[in-house]
Every structure is written in structure tokens, then in C-alpha cells.
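Asks: My structure is below; once you've seen it, I'll send some questions.
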Amino acid sequence: MKHYFTSKLRAAILVTLSLFSGSAMAQLSGTVTLGSGGTYTTWAALASALNNNGVSGALTVDVTSDLSAGSSAVTFNAITGASSTNTITINGNGYKITSSSSYEVFILNGTDYMTFNNLNVINTSTSVYGIGYRLTNDATYNRIKGGSIEFTARTSTSSYGAYVALASSYTALSSASSSWNGRYNRVSGVTMKSSASGSYGPYYGIVINGNTSYYSSSSVQGGNMFENNDIQQAYYYGIRMYYSNGDSAVSNTMKNQSHGAYYGIYGYYNYYAYIKGNDISGHTATSTFYGIAPYYYCYYWTVDGNTIDNNKTSSTFIGIYNYYYNYYSTISNNTIDKNSGSTFYGFYAYYYPMYSTWDNNSISGNTASSTFYGMYAYYYPQYCTISNNHIDNNSTSSTFYGLYNYYYLSNGKFIKNTIDGNKAASTFYGLYAYYYGMDEKIEENSISGNTTTGSTFYGTYIYYYAYRTSVSKNKVCDNTAYSTMYCIYRGYYHDYYKTNDNYIRNNTSQASSLYGIYNIYGYYNVEINRNIIRSNTSSSALIGIAGYAYPTTGYVINVEDNSIDSNTASNSYTVGMYIYYGDHNIRRNHVTSNRGNGSDAAGIFSYYAMGLNCESNLVAKVTSKSYDVYAFYLYNSSYTGGNGWNIRQNTVYNKMENYTAGGYINYGFNNGYCL
């Protein structure tokens, strides 16, 4: 009887103690210690206590010594009771956790509201799969602040491994699913490095794999933040965002590394990213270098105030790469300076970069051994504004394009950009727009102080099928070419095209002809008005304005209120303006003090006009060294129709000189064969 009672009592006491113990462990809160002699002496013990028992209030864990975690990952699961109030803060206090795990050091598996402060994480494994922290299974509101993540033995360049990964497994760093790996997490102020001799670091610095069902949502977003981290070695990607949404990379540094190919920051199927103030500098690559790459279906990206400087590659260099279907981007205040490559793109937008703004970026002091593109937009760059960018003091051993736009340019604005002080050994294009430019505004740009030593110079080049386009208020000044120079060039088939209020001054073609404004095959209502073409010099022919209409009645060129003065053709003819075909309205222009040496000189030359209004123009002091001089030369031998000729109230004054005896001086009009 006594024995039975004693046994019952002992069992009851054990059950009570067990219940009390479970209740006590479930009440984790306050402050505990982790380390030799602490509340918990191993990381595994701390993880077990939290995973099994949860928290009932805010918990602080103070690390008091360096600890080894062995070869297994420290895994935290969803912790009962954790919330925005009941947070879990692990203060590393500068101590180390050393792990020989071939995979992760820490796994946050659905863990919420956990913070790691100033903890130094060291992975000593040679494994290619090593990861510092992996967040998965919708881990949310976690923080990793300060401290470091270090790989001490990895040397492989295999396509695995990361310092921080939001991923479903250690092998799934390049894939996403319809489940979140993590949301609203923040990694800040962490030093990420690989110290093994010859190591390039893990394949990825930071990986964010999002949700394939919500990557484009404006209301359900990932909202992860990565800021002020120092990613000292990463072999292929500094930061990679894949099917993510609403994530930010702010003020991170990725500097002084060596690679094959490299992406500083990369996005793929990514919406609402905020990329600001990152420094991607001092890299050396043997293959293509990409600074920041919103690569594929990246909508609503903000790329602002980043620095991409002093990088070198023996292959292609791309500062910012906006590749495929990237709408509504704002790319502003970035610095892409003092880099070098073979083919060079400061900014590259390939396919449908629509509704975007590229403003106040600096692309300066860069060098290319092959073609140089300051800003390149290839296919359907529509409804874009490219403004206030500085593409200055770059050089190439080949062709130079300041702003390059190829196909179906619609409703774009190219405003207040500077393309100054650049050097090319072959053809130079300040602003190049090739095919189907419609409703474009190319205004208030500066293309000045540039030099090409090997081929043709084009300040602005608008080539084929431009409709309702304005090239106005631009400055093309102080440029030098050793071949033909076109300060403003417009190619074939353009309607309602305006070339107004441009300032073209002090340009020099040292080995061929110079054209201030050159328009060919205009259709309806082409305007060339209020331009100033002054003090330019050519070693061959010099024409201030050359306007060619399509040879059909009703196609009109309006040339009004221009000033063409003090220009010199050193060894050939000079013509203030040369207007060819179509109906000509030539009014209120001033053509003064221009000089031709070696051939004829003319003030205003109208050729094959269908209809002509030549009114209120001033032509003065046109000079040729030994050839004919004409104030006005109006010629039509075979074309009929049009609106007739109206020539009135034109003024010729100051002696028009031929200062040798060999040529003919005409003080008024030479009407060719038409009158």
C-alpha cells in the first residue's frame, strides 16, 4: 500500500514538473545569454528552445563568446508567439560563429521578427554550395545588421553559393516558385568577403528569389531591403533579383574585384525595384561587364544616384543594361565615369524601353577600343524622356555615338543633354536617330568641343522617315573634323519637320566640306528658321543651310529669319544657303561676311524651285578670292508648276568682293536660265 502510494506520488510530481517545465520554456522572454557558461552554450540549443517552445514577449539573446556550430546548419523555424512586439534580437557583440557546413550556416525557415546584430559568420568549408544566411518559406520582418559573412576556404567559380539568399534550397539560387521565400526583410551594414587565396567569392553576393504569382503586383510586394553592405567578392552577380517585387538595394558597395563576366545588380521579371546610391567600381573583367541590369520584364524600376566608375574589361562594357520589355523606368543621377572596354555602352536599352525617363546621368571620361555608345536605345524606345545627361570627354579608337536611337522612335524627348569634349578616330555622331522618328523633340542639347580624326562628323543625325520632329535650340559649337562635317543632318523623307533656333558656331572641317544644316528629301512643311551659323571654317566647300525637298509641287521648305555670317571655305566655294527642289519660302535671312577661297561664293542659292518666295533677305560682303560672287543665285531650267515666283524687298549692301581680277562680281541677282 505504501509502495503504491509512493509510486503514484512520484508520477504525479514528475507530470507536474514536466508541465511546469514546458510552461516555463514557452515563456521565453527578457534577456538570455549564448556562449561559454551562458544560458545556452551552443547555437543548436538556442535554436531548439525557440523552435520547440516559442516566445511570450520580446527576447534578447546576448552572445558572450565565439562558438563553433560544427558541420550542421543552425535552423530557426516559425517561432510561436513572435510578432512585431514579441521580437527576437540576437546581439552578436562582434563574436564569431564558425561553421564547417557544406551548405548554410543559418536557415530561417518561416522565421519572423528575428534580428542578428553585429555577428561575424565564418564558413570554413570548401563546398561550392556555401551560404551564410538562407531565408525561406515566407520568412518575414527579419533583420541582419552589421557584422560579417566570410568564406575562408572556397575557391571554386561554380554557379552556387551566396552570402545571403532568399531561396527554397541551397541548390535553387536561380529559380523561383509561386511561394514567397521572404518578405520585408532587411540586410544592412554587413561585410561580405572571401579570404581564401585566389578566391573570387561565391557565385552570388545576395540572391532574392521572389514569387512567380505576384512579381508584377502593385499591392502584394516582397519589400526586402539590402542597404549599406560591403560585398567584397562575388564571382558573377553582386545582387540578383529574380521574380521579385518591391525590393530595394541602397548604398551597397561592390568594389575592386576580378571576374570573367559580371553583373553588379541584376533583375529578371522584377517590378518596383529601388536601386539607389550603390557603388560598383574598380572591377576588372575578361568578359562582358554589366554595372546594373534590369534585364527582362523589369517595370517601374528606379535607378538613382549609383556610381559605376573605374571598371575595366577587355570585352564589352555596359554601365546600365535595360534589355527587354522594361517599361516606366526612371534612371537618373547615376555616374558612369572612367571605365574602359572594347565596345562601350554607358546605357543600353534594347527592346521596348517605353515610358521611361533617363535624366541627369554622367557618362564621362570613358574609353573604348571599338565602338562607343553613350546611351543606346534600339527598338521602340517610345514615350521616353532623355534629358540633362552629360556624355563628355570620352574617347574611342573607332566610331562614336553620343545618343543612339535606332527604330520606331515615337514621342521621345531629347532635351538639355551635353555631348562635349569627346574624341573619335572614325565617324562621330553626337545624336543619332535612324528610322521612323515621330513626334520627337531634340532640343537644347549641347554638342561641342568634340573631335573626329578619321571620318565624317555629324552633330545630330536624323536619317529616315521622321515626322513632326523638332530639332531646335541646340548648340553645335567648337567641333573639329578631318573629313566632312554635318553639324545638323536630316536624311530622307520627313514631314512637318522643324530645325529652328539652333546655334552653330566655330566648327572646323580640316580636310573636307562643312554643312551647318543639311536637310534632304523633305515633304510637307519643313521649317528651317531662326538658326545662327557663325564663324565656321572648312578646308573645302562650306554651306550654311542645305535644304532639299522632294521634287514634287506642294512640298514646301520654309527658310526664315536665319543668320549665316563670318564663315570661311579655305579652298573651295561658300554658299550661305542652298535650297533645292519643292516650293521655297526664303524670308528675312541675313547672310553676311562669308568668304570662299578657291571657287565661287553665293549668298542665297535657290535651285529648281517649283514656287519661290524670296523676300526681305539681307546679303552683304560675300567674298571669293578669284571666282564668281553672287548675292542671289536663282535657277530653274526645267521644272514648272508650283506657286510662281515672288522676289521682293531683298537688300544687298557693302561691296561684294572678288579680290582678284579673275572672276565675275554680281551685285544683285543671277537668274540662271529661268527669266
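Asks: Test Gly198 against the criterion of being open to solvent by 40 Å² or more (accessible area, probe 1.4 Å), in a loop (DSSP other than H, G, I, E, B), on the phi > 0 side of the Ramachandran plot and touching a residue at least 40 places away in the same chain (Cβ under 8 Å), and give yes or no.
Replies: yes
Asks: If you go through the range 413-460 one residue at a time, how many are closer than 27 Å to Gln510 by Cα, of a type in the set (A, V, I, L, M) and either surrounded by 20 or more Cβ atoms within 10 Å (Cβ to Cβ) or touching a helix residue (DSSP H, G or I) at 6+ places or on another chain (Cβ under 6 Å) (or both)?
Replies: 5
Asks: Select, from Tyr324, Tyr297, Tyr355, the only residue that is farther than 19 Å from Lys416 by Cβ and either of a type in the set (A, V, I, L, M, F, W, C) or within 14 Å of the chain's Cα centre (by Cα) (or both).
Replies: Only one candidate qualifies: Tyr324.
Asks: Of Tyr328, Tyr380, which residue is aromatic (Phe, Trp, Tyr), open to solvent by 30 Å² or more (accessible area, probe 1.4 Å) and touching a Leu at 6+ places or on another chain (Cβ under 9 Å)?
Replies: Tyr380 is the lone residue from the list that is aromatic (Phe, Trp, Tyr), open to solvent by 30 Å² or more (accessible area, probe 1.4 Å) and touching a Leu at 6+ places or on another chain (Cβ under 9 Å).
Asks: Still on this structure: Exactly one condition in (1) polar (S, T, N, Q); (2) open to solvent by 30 Å² or more (accessible area, probe 1.4 Å); (3) more than 42 Å from the chain's Cα centre (by Cα) is false for Ser100; which is it?
Replies: Evaluating Ser100 over (1) polar (S, T, N, Q); (2) open to solvent by 30 Å² or more (accessible area, probe 1.4 Å); (3) more than 42 Å from the chain's Cα centre (by Cα) leaves (3) as the failure.
Asks: Is it true that some residue in the range 389-407 is in contact with an Asp or Glu (Cβ under 7 Å, 6 or more places away or on another chain), more than 29 Å from Tyr262 (Cβ to Cβ) and surrounded by fewer than 24 Cβ atoms within 10 Å (Cβ to Cβ)?
Replies: no
Asks: So for the range 89-109 (the condition being of a type in the set (D, E, K, R) and part of a loop (DSSP other than H, G, I, E, B)), does at least one residue qualify?
Replies: no
Asks: Next question. Please enumerate the residues belonging to the range 643-656 that are surrounded by 17 or more Cβ atoms within 10 Å (Cβ to Cβ) and modelled with pLDDT under 70.
Replies: Met656
Asks: What number of residues within the range 519-557 satisfy the criterion of being open to solvent by less than 30 Å² (accessible area, probe 1.4 Å) and either over 14 Å from Ala609 (Cβ atoms) or among the β-branched types (Val, Ile, Thr) (or both)?
Replies: Result for the range 519-557: 18.
Asks: Taking only the range 274-293 into account, find how many residues are in a strand (DSSP E or B) and more than 30 Å from Ser217 (Cβ to Cβ).
Replies: So the count comes out to 5.
Asks: Residues that are under 18 Å from Ala377 (Cβ atoms) and not charged (D, E, K, R), at least 2 per element: which strands (runs of 3 or more DSSP E) completely within the range 294-358 meet that?
Replies: Counting at least 2 such residues, we get 317-324, 330-332, 344-351.
Asks: Next up: For the range 457-475, what are the residues that are closer than 25 Å to Thr399 by Cα and outside any strand (DSSP E or B)?
Replies: Across the range 457-475, the qualifying residue is only Asn474.
Asks: Please indicate, with yes or no, whether at least one residue in the range 448-456 is part of a strand (DSSP E or B) and in contact with a Cys (Cβ under 8 Å, 6 or more places away or on another chain).
Replies: Within the range 448-456, one or more residues are part of a strand (DSSP E or B) and in contact with a Cys (Cβ under 8 Å, 6 or more places away or on another chain).
Asks: Taking the residues in the range 479-488 that are assigned to a strand (DSSP E or B) and out of contact with any Ser or Thr (no Cβ under 6 Å at 6 or more places or on another chain) as candidates, determine which candidate is most open to solvent (accessible area, probe 1.4 Å).
Replies: In this case the residue turns out to be Tyr486.
Asks: Would you check if there is a residue in the range 205-228 being of a type in the set (A, V, I, L, M), under 21 Å from Tyr269 (Cα atoms) and open to solvent by 10 Å² or more (accessible area, probe 1.4 Å)?
Replies: So far as the range 205-228 goes, yes, one or more of its residues are of a type in the set (A, V, I, L, M), under 21 Å from Tyr269 (Cα atoms) and open to solvent by 10 Å² or more (accessible area, probe 1.4 Å).
Asks: Something else: If only one of Ser175, Ser169, Ser179 is among the polar types (S, T, N, Q) and in contact with an Asp or Glu (Cβ under 9 Å, 6 or more places away or on another chain), which one is it?
Replies: Checking each option against the conditions leaves just Ser179.
Asks: Taking the condition open to solvent by 40 Å² or more (accessible area, probe 1.4 Å), part of a loop (DSSP other than H, G, I, E, B), of a type outside the set (Lys, Arg) and out of contact with any strand residue (DSSP E or B) (no Cβ under 6 Å at 6 or more places or on another chain), does Ser169 pass?
Replies: It is false that Ser169 is open to solvent by 40 Å² or more (accessible area, probe 1.4 Å), part of a loop (DSSP other than H, G, I, E, B), of a type outside the set (Lys, Arg) and out of contact with any strand residue (DSSP E or B) (no Cβ under 6 Å at 6 or more places or on another chain).
Asks: Considering only the range 142-158, state which residues are closer than 19 Å to Tyr113 by Cα and assigned to a strand (DSSP E or B).
Replies: Those that are closer than 19 Å to Tyr113 by Cα and assigned to a strand (DSSP E or B): Arg143, Ile144, Lys145.
Asks: Taking only the range 36-53 into account, find how many residues are open to solvent by 40 Å² or more (accessible area, probe 1.4 Å) and either closer than 16 Å to Val105 by Cβ or not in a helix (DSSP H, G or I) (or both).
Replies: Within the range 36-53, residues that are open to solvent by 40 Å² or more (accessible area, probe 1.4 Å) and either closer than 16 Å to Val105 by Cβ or not in a helix (DSSP H, G or I) (or both) number 6.
Asks: A further question on this structure: Quick one: is Tyr345 open to solvent by 10 Å² or more (accessible area, probe 1.4 Å), within 14 Å of the chain's Cα centre (by Cα) and not basic (Lys, Arg)?
Replies: Taking the combined requirement at face value, the residue satisfies it.
Asks: Among residues belonging to the range 361-377 that are modelled with pLDDT of 95 or more and of a type outside the set (Ser, Thr, Tyr), point out the one that is surrounded by the fewest Cβ atoms within 10 Å (Cβ to Cβ).
Replies: Among them, the one singled out is Gly365.
Asks: Can you list residue pairs whose Cβ atoms sit under 9 Å apart, with the first residue in the range 553-581 being in contact (Cβ under 8 Å) with a residue 60 or more places away in the chain and the second being assigned to a strand (DSSP E or B)? Count only pairs 6 or more apart in sequence or on different chains.
Replies: That search, which allows pairs on different chains as well, returns Thr553/Asp583; Thr553/Gly611.
Asks: Could I ask something else about it? Do we find that Ser213 is in a loop (DSSP other than H, G, I, E, B), of a type in the set (Ser, Thr, Tyr), more than 19 Å from Ile131 (Cα to Cα) and without any contact (Cβ under 8 Å) to a residue 40 or more places away in the chain in this structure?
Replies: Criteria met by Ser213.
Asks: Further question on the same structure: Just checking, does the range 549-560 include any residue being part of a strand (DSSP E or B), at pLDDT 85 or above and of a type in the set (Gly, Ala, Ser)?
Replies: no
Asks: Residues in the range 246-274 that are modelled with pLDDT of 95 or more and among the polar types (S, T, N, Q): how many?
Replies: 4
Asks: Could you check, for the range 589-612, whether at least one of its residues is modelled with pLDDT under 60, out of contact with any Lys or Arg (no Cβ under 8 Å at 6 or more places or on another chain) and open to solvent by less than 40 Å² (accessible area, probe 1.4 Å)?
Replies: no
Asks: Taking Gly491, is it farther than 13 Å from Thr427 by Cα and either of a type in the set (Asp, Glu) or in a strand (DSSP E or B) (or both)?
Replies: Yes; evaluated as a whole, the condition is true for this residue.
Asks: Here's another thing I want to ask about it. Check Ser56 against each of (1) outside any strand (DSSP E or B); (2) at negative phi; (3) in contact with a strand residue (DSSP E or B) (Cβ under 6 Å, 6 or more places away or on another chain) and name the one condition it does not meet.
Replies: (1)
Asks: While we're on this one: Quick check, is Thr623 open to solvent by less than 50 Å² (accessible area, probe 1.4 Å), hydroxyl-bearing (Ser, Thr, Tyr) and at pLDDT 80 or above?
Replies: Yes: the conditions hold for Thr623.
The values are calculated or read from the model by the stated rules, or taken from the named source; none is laboratory data. What you are looking at is a predicted structure, and each value in this text was computed from that prediction instead of being measured. In this analysis, Cβ positions are derived from the backbone assuming ideal geometry, glycine residues included, and neighbour counts consider all displayed protein chains. Areas reflect the complete protein model, heavy atoms only, side chains present, ligands, DNA and RNA absent. Shrake-Rupley method; radii C 1.70, N 1.55, O 1.52, S 1.80 Å.
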